Amino acid sequence: VKTETPVPSAPVATADWPALSARRVASVKTSFIREILKVTENPEVISFAGGLPSPELFPTEALAVIAADVLRTDGRQALQYSTTEGYRPLREWVGARYAGRFGLAVDPDEILITTGSQQGLDLLAKVFINPGDTVALERPGYLGAIQAFSVYEPVFAGVPLSEAGPDLDALRATLTGRRVKLLYTVPNFQNPSGFTYPAAARRAVAEAVAAAGTVLVEDDPYGELRYRGEDLPPLRRHHAGTIMLGSFSKLVAPGLRLGWVCAPCEVIRQLVVMKQAADLHTDIFAQRIMHRFLAGGGLPAHVARLRAVYGRRAATMVAALRRHLPAGATCNDPDGGMFLWVTLPAGGDSRALFERATQQKVAFVPGTAFYVDGGGERAMRLNFTNTDEARIEEGVRRLAAALAGPG
Ligand SMILES: Cc1ncc(COP(=O)(O)O)c(C=O)c1O
């Protein structure tokens, strides 16, 4: 093999890349999360900052067998280009799951398999958002949605979310005060807060949005991770035009990058054109592996295990926080999902606390990261799925030490 010393190309060092970039690039804020990643690279740091499932719970052995099987029996199809809509049997499985869990009649043609539900957010924004359109979303809201939508240069309107659900008066005022193109919601165990919309709020939100002629997006990556209580009806139950997003990331494994959009066929047709332009289709090898895993009956036991382990971790974190948090601080006790939300006493500053917590080798995400229009100074998001119970106890002790520190 002939090796040559690489030679630099003709100089382009003078190019002003920021000036050459499209305006949309500057409209996406780089987030504080990057700062956090720098801190959590240190293995001594106990990180409640990420949003990761627990890797030791991935069904790696089952997937290894299935992956080899798919290659052996369907290798040619699994490695060939495929359809943009997605692998039909997987779309059928998703439709059947909606029927089984909620009695919703969903046709496989109403489902588009996407490269994670994050791509669903991007495609929906491509289809619906013109620069300057108003997009309403919860405050605090999911950072990935804020980012995905920001690329298309909307104006955001925040709807306050608390443990009691979205502020319905504020939502109605937002919807009637101006034309709102789209409302983005995460009704189950929301990221970042862990809050869940009560049943009555679901009906009220769906009715208000339907009356306003606004596109309603219901993102539900965490709904199956319920540790207590009964499933609540999706918003879609109350408004047939609701667009639902789903994901296999938290249910099976995020690295496979499999999610879906469930929407009326007319919307799916538009999304398909956008997806074709973006990536032609979702990884078909991954889709076939996922379908075989689901069809093989492995899911119920797997989900039961996730619920048991994550449920214990959530309970451990809540109990530790309630022991250690100072008077006036609160934390919720979510029925599922991956996160909980701490609010510091009046005058508290979670950004300043983050700096002190770093010295104690524990990390979280300060609340301000999740607000498009300011707020969250006293709040923080803690993840409980990616840390075992002993380290959760230790991490909360370190957090308490940081809280007891100066300032
Ligand atoms: C509310 C919400 N929606 C969507 C996603 C994206 O998930 P994925 O693209 O892995 O399906 C996440 C990931 O954390 C999330 O929290």
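The values are calculated or read from the model by the stated rules, or taken from the named source; none is laboratory data. A quick note: this is a predicted structure, and the numbers were derived from the prediction, not measured. Cβ: placed from backbone, ideal geometry, glycine included. Neighbour counts: every protein chain shown.
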Identify the single condition in (1) assigned to a helix (DSSP H, G or I); (2) surrounded by fewer than 19 Cβ atoms within 10 Å (Cβ to Cβ) that E230 does not satisfy, given that it satisfies every other one.
(1)
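Condition check ((1) under 22 Å from the mean Cα position of the chain (by Cα); (2) not in a helix (DSSP H, G or I)) across all residues:
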site	(1), (2)
G311	yes, no
M317	yes, no
A320	no, no
A327	no, yes
P334	yes, yes
L353	no, no
Just a yes or no: is a residue in the stretch 98-109 surrounded by 14 or more Cβ atoms within 10 Å (Cβ to Cβ), without any contact (Cβ under 8 Å) to a residue 24 or more places away in the chain and either touching a Gly at 6+ places or on another chain (Cβ under 8 Å) or not in a helix (DSSP H, G or I) (or both)?
yes
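Can you tell me which residue in the stretch 182-215 is nearest to the ligand (Cβ to nearest atom), limited to those that are among the hydrophobic types (A, V, I, L, M, F, W, C) and surrounded by fewer than 17 Cβ atoms within 10 Å (Cβ to Cβ)?
We begin by selecting, within the stretch 182-215, every residue among the hydrophobic types (A, V, I, L, M, F, W, C); these are 182-183, 186, 189, 195, 199-201, 204-206, 208-212, 215.
Now narrow it down to the ones that are surrounded by fewer than 17 Cβ atoms within 10 Å (Cβ to Cβ): 199-200, 210-211.
Values: A199: 20, A200: 22, A210: 22, A211: 25 Å.
This residue is A199.
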Looking for something touching a residue at least 60 places away in the same chain (Cβ under 8 Å) and crowded, with 20+ Cβ neighbours inside 10 Å - is there at least one such residue anywhere in the stretch 343-352?
no
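What residue, among those in the stretch 217-252 that are aliphatic (A, V, I, L, M) and within 15 Å of the ligand (Cβ to nearest atom), is nearest to the chain's Cα centre (by Cα)?
L245
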When the residues of the stretch 143-181 are narrowed to those that are assigned to a strand (DSSP E or B) and hydrophobic (A, V, I, L, M, F, W, C), which ends up surrounded by the most Cβ atoms within 10 Å (Cβ to Cβ)?
L161
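Looking at the stretch 56-64, is at least one residue part of a loop (DSSP other than H, G, I, E, B) and more than 25 Å from D279 (Cα to Cα)?
Our first condition is that a residue be part of a loop (DSSP other than H, G, I, E, B); within the stretch 56-64, this holds for 58-59.
Those left that are additionally more than 25 Å from D279 (Cα to Cα): 58-59.
Yes, that holds for at least one residue.
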Do we have S82 as over 27 Å from I392 (Cα atoms), modelled with pLDDT of 95 or more and part of a loop (DSSP other than H, G, I, E, B) here?
yes
When the stretch 355-369 is examined, which residues are found to be out of contact with any strand residue (DSSP E or B) (no Cβ under 6 Å at 6 or more places or on another chain), in contact (Cβ under 8 Å) with a residue 12 or more places away in the chain and part of a helix (DSSP H, G or I)?
R356, A357, T358, Q359, T368, A369
Does at least one position in the stretch 161-172 carry a residue that is within 22 Å of P234 (Cβ to Cβ), within 13 Å of the ligand (Cβ to nearest atom) and under 19 Å from the mean Cα position of the chain (by Cα)?
yes
Do we have any residue at all in the stretch 124-142 that's closer than 27 Å to C265 by Cα, assigned to a helix (DSSP H, G or I), within 11 Å of the ligand (Cβ to nearest atom) and modelled with pLDDT of 95 or more?
no
Among all residue pairs at least 6 apart or on different chains, which show Cβ distances below 6 Å where the first residue, located in the stretch 177-188, is touching a residue at least 12 places away in the same chain (Cβ under 8 Å) and the second is of a type in the set (D, E) and not in a strand (DSSP E or B)?
K181/D133; N188/D220
Criterion first (touching a helix residue (DSSP H, G or I) at 6+ places or on another chain (Cβ under 6 Å), modelled with pLDDT of 90 or more and assigned to a loop (DSSP other than H, G, I, E, B)) does A49 satisfy it?
yes
